[in-house]
1. From the residues Phe228, Ser132, His97, which one has its Cα farthest along the dipole of the chain in the positive direction, the dipole being from +1 and -1 charges on Cβ of Lys/Arg and Asp/Glu about the Cα centre?
2. Work out from phi, with θ = phi - 60° and the Karplus expression 6.51 cos²θ - 1.76 cosθ + 1.60, the ³J(HN,Hα) of each residue of the range 286-301, listed in order in whole Hz, and give x for Gly and Pro.
3. Amide H neighbours of Phe86 under 5 Å, counting only residues 5+ apart in sequence or on other chains, H built in-plane at 1.01 Å?
4. What figure in square angstrom, to the nearest 10, would you give for the accessible area of Arg133 with a 1.4 Å probe?
5. Quick one: net charge around Leu68, please, counting Lys, Arg +1 and Asp, Glu -1 for every other residue with C-beta under 15 Å from its C-beta.
6. Label the range 118-180 by shape, choosing from rounded, prolate and oblate, from the square roots a ≥ b ≥ c of the eigenvalues of the Cα gyration tensor; if a/c is under 1.5 it is rounded, and otherwise prolate applies when a/b is larger than b/c, oblate when it is not.
7. What list of ³J(HN,Hα) values in whole Hz, one per residue of the range 35-45 in order, does the Karplus curve 6.51 cos²θ - 1.76 cosθ + 1.60 (θ = phi - 60°) give from phi, with Gly and Pro shown as x?
8. Tell me, what ³J(HN,Hα) does each residue in the range 219-235 have, in order and in whole Hz, if you take phi through Karplus 6.51 cos²θ - 1.76 cosθ + 1.60 with θ = phi - 60° and put x for Gly and Pro?
Amino acid sequence: MKKINRCRVGLLCGALLLSLTVPAAFGQQIATNVSWYTYPCALPDTSVPEFGTARDNLLTGMSFGGALDTHSRVISPSGVEIRTSFDSSDLAISTNHFWRGNFDPPEPNASQYGSRVYCPVLMIGNGKVSLSRMSYKVTCGVALLGNNSALSGLDYSVSRIGIQAGSDGALFTGDDIIIKSGSGTNLVDAIVFIGGRVGAVVNQASDFGPLDTEIGPTGTFITYTYYFNSPVGTLSGGTTVSLFPRGLIPSSVNHLTPFIGPKGVLYSLVGPPDLPRLTIEQAHFVVGPWSTVTTLAMEGTSVFMPFNGTAHGDYGFLRLPHYGKVP
């Protein structure tokens, strides 16, 4: 991965937070409209315990409306880095010990076998939804990496979670009912799904050659599309991420990237593994007051800014201090 522009990362980072309303109550009618929220990331190979830890941390946060606490994969194989750009090492798995482009990696990654790029999705129905009505398709500039599947016939599980609003009639509050078992035909108010994934097998460094050639020197794309079979036809949503050859993610994509959810915005810090620890501050107005979120941010750190629900709309700003030399 190329070095980050250290002056660029010190700029004030802010965004208008869109006010998103979750319906207060739902009838039993099948939804004719749904909302989609995606959180693309790389997760460890399913053969290692760290996969379950990373999956559960990610999907639990999504079950609370995207209020995630994520950490860097640089220092922990169970870390979750939510971002919109990946390189071939992020989707490479191996029968040999391998982690983020390196064979026989040192601890704490010595027992890893690589990772795949997933796109977990939160689907909220304006009405009732069910797992059995969902399907997905993954398309990629590297055609062999594409795949698709329907979720009909599958039960709710730790990777396919149903959410029922509790007695208050509102989603993402303390009385929600989280469903991780039972028939996928059962109706719920929202679904968190680990999503489609993309992976390629590499067992030696030379295996990256053909893969990176297919990706191309300027990169390509991965598109994740999700479908819901509603009474008025098929509804769809999803996202597209960038895929680059190993180690060649441009520095221009390294920044605080926003991911808008139903309860607020998750900002993920994207950058190379050698980022120094940074302080992230936040405020609802550009003039402050500013509060410190963390003094230990590094690549992969995410911070969540909840909507404040004020009548005039939601505004929020994050900032990072300048570091390094300013030209």
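1. Of the candidates, Phe228 comes out farthest on the positive side.
2. Each residue's phi maps through the Karplus curve to give 4, 8, x, x, 9, 10, 7, 8, 7, 10, 10, 5, 8, 3, x, 5 Hz.
3. Ser242, Leu243, Phe244
4. 80 Å²
5. So the surrounding residues net to +1.
6. Details: a/c = 2.71, a/b = 2.36, b/c = 1.15.
Verdict is prolate for the range 118-180.
7. 10, 10, 9, 10, 9, x, 6, 9, 10, x, 4
8. Coupling constants for the range 219-235: x, 9, 9, 10, 10, 10, 10, 10, 10, 10, 7, 9, x, 9, x, 7, 9 Hz.
The values are calculated or read from the model by the stated rules, or taken from the named source; none is laboratory data. Since the structure is predicted, the reported quantities are computational estimates derived from the model, not experimental observations. When we count neighbours, we look across all protein chains shown, and the Cβ atoms used for this are built from the backbone with ideal geometry, even at glycine. Ligands, DNA and RNA are stripped out before the accessible areas are found, and what is left, the full protein with its side chains, is counted by its heavy atoms. Shrake-Rupley method; radii C 1.70, N 1.55, O 1.52, S 1.80 Å.
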